[in-house]
1. Could you count how many residues in region 37-74 are surrounded by 13 or more Cβ atoms within 10 Å (Cβ to Cβ) and of a type outside the set (A, V, I, L, M, F, W, C)?
2. Quick test for you: out of 64, 77, pick the one residue that is charged (D, E, K, R) and touching a Gly at 6+ places or on another chain (Cβ under 7 Å).
3. Would you list the helices (runs of 4 or more DSSP H) that sit entirely within region 4-107 and hold 1 or more residues that are polar (S, T, N, Q)?
4. Could you please let me know if residue 4 is of a type in the set (Lys, Arg), modelled with pLDDT of 95 or more and over 13 Å from the mean Cα position of the chain (by Cα)?
5. Out of region 75-107, which residues are surrounded by 17 or more Cβ atoms within 10 Å (Cβ to Cβ) and more than 19 Å from residue 16 (Cβ to Cβ)?
6. Going by the structure shown, is residue 16 surrounded by fewer than 18 Cβ atoms within 10 Å (Cβ to Cβ), out of contact with any helix residue (DSSP H, G or I) (no Cβ under 6 Å at 6 or more places or on another chain) and within 30 Å of residue 3 (Cα to Cα)?
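The values are calculated or read from the model by the stated rules, or taken from the named source; none is laboratory data. These numbers come from a predicted model, not from an experiment. Using ideal geometry, Cβ is built from the backbone for each residue, glycine included, and neighbour counts are taken over all protein chains shown.
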Amino acid sequence: MPHRPATPFDLAAAGFRAAHLWIEAGGVVAMRAMGGAGLWNTPFDEHWRMVAEKHAAFLDASSRMMQAAADGHAPLRLWEAGIAPLDAAATDNRQRLAARGLRKPGL
């Protein structure tokens with residue numbers, strides 16, 4: 001199956017998706033670090049969650065990439081298939097942790 005060559009706009013969009021994941025993941029890391037220091041209101045099992053969630057996210061990303069490869073998609077489409085579940089997981093975590101907010105004094 002012939003593929004349309006990637007345009008500079010396609011490549012820029014892929015770069016923006018990667019940057020979005022990087023920013024979201026950085027926010028999650030910052031809130032989790034503040035939670036470990038007692039400054040952010042994180043649940044008691046957050047340390048376990050941050051390890052356990054990686055398996056599911058990367059399994060989903062790799063299976064989507066393998067499916068896209070098996071379907072004969074171009075390399076850029078494989079990248080998009082793999083980054084989408086990672087970005088979604090990071091965004092969900094950032095929103096969940098941001099909603100909890102700073103730890104209130106005395107709690």
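1. To start, the set of residues in region 37-74 that are surrounded by 13 or more Cβ atoms within 10 Å (Cβ to Cβ) comprises 40-42, 46-47, 49-50, 53, 57-58, 60-66, 68-69, 73-74.
If we keep only those that are of a type outside the set (A, V, I, L, M, F, W, C) as well, we get 41-42, 46-47, 49, 53, 60, 62-64, 73.
Final tally of qualifying residues: 11.
2. On the way: 77 fails: touching a Gly at 6+ places or on another chain (Cβ under 7 Å).
Only one candidate passes the filter, namely 64.
3. Numbers: elements: 8-36, 46-70, 75-100.
In region 4-107, the matching helices (runs of 4 or more DSSP H) lie at 46-70, 75-100.
4. On the way: of a type in the set (Lys, Arg): yes; modelled with pLDDT of 95 or more: no; over 13 Å from the mean Cα position of the chain (by Cα): yes.
Criteria not met by residue 4.
5. Selection gives 93, 97.
6. Values: surrounded by fewer than 18 Cβ atoms within 10 Å (Cβ to Cβ): yes; out of contact with any helix residue (DSSP H, G or I) (no Cβ under 6 Å at 6 or more places or on another chain): yes; within 30 Å of residue 3 (Cα to Cα): yes.
So residue 16 passes the test.
Here is a yes/no grid of residues against (1) in contact (Cβ under 8 Å) with a residue 60 or more places away in the chain; (2) of a type outside the set (S, T, N, Q); (3) more than 22 Å from residue 102 (Cα to Cα):
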position	(1), (2), (3)
23	no, yes, no
31	yes, yes, no
39	yes, yes, no
48	no, yes, no
53	no, yes, yes
56	no, yes, yes
